[in-house]
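Just below is one structure, and these are the notes that go with it.
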Amino acid sequence: MGGGRQVLVVEDQVPIEEFEGIAFPVPATVHLEMRYVDRLLHIEGEIDVKAEGQCDSCLEDVSRAVHVDVDERFDPHAGSESDQFGENNVLTGDRLDVADLTQQLVLSAMPMGLRCGDDCKGLCGTCGANKNTSACSCDGE
């Protein structure tokens, strides 16, 4: 890819590995457009994937759509082969690891804990009842 006007489009299905109890049952749909801008590789696009796991508050099964807008810039001339945790750890020479980039972007977009909804009431600390589905006898105590 040379010159600022050439665009490389990547359309792919990328499997995402399970992380911290959150599973991704189907591969992520990835659409990326890459071009060089001022000696930097500019990557724009979007990633869509479904995340499944247990709600951290009520322990019910949760399935959520995750959308990631991609707007990344990498310096392909910065050395990355020796630093797997460096800024360019997905870019080696002129080869972009789309799967690794996708995995990193999806996991960084995930909340610290998966919840069934913003209004989840969780479990009763005394009897363990799910407060989203019914009131428990402990509420008045």
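Read the figures in this text as sums done on the coordinates, not as results from a lab. These numbers come from a predicted model, not from an experiment. Using ideal geometry, Cβ is built from the backbone for each residue, glycine included, and neighbour counts are taken over all protein chains shown.
Tabulated data
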quantity: Cα-based convex hull, segment 8-140, per residue volume (Å³, whole number); calculated: 120 Å³
quantity: Extension gain (nm, one decimal) between A23 and A129, 0.36 nm per residue minus Cα-Cα; calculated: 35.6 nm
quantity: Of the GluC sites (Glu not before Pro) in segment 1-68, those whose Cβ has at most 16 other Cβ within 10 Å and which sit in DSSP loop; calculated: E17, E18, E20, E60
quantity: Formal net charge of residues neighbouring M110 (Cβ-Cβ distance under 15 Å; K, R +1; D, E -1); calculated: -4
quantity: For V26, V62, order by how many other beta-carbon atoms lie within 10 Å, fewest first; calculated: V26, V62
quantity: Under 5 Å, built H, 5+ apart or other chain: amide partners of N132; calculated: K121, G122
quantity: 3J(HN,Hα) from dihedral phi, segment 66-75, Karplus parametrisation 6.51/-1.76/1.60, rounded to Hz, x for glycine, proline; calculated: 10, 10, 10, 7, 9, 8, 10, 10, 10, 8
quantity: Segment L40-L8, extension gain: residue separation times 0.36 nm, minus the distance between their alpha carbons; calculated: 10.1 nm
quantity: Under-5 Å amide H pairs with I16, H placed in peptide plane, nonlocal only; calculated: A28
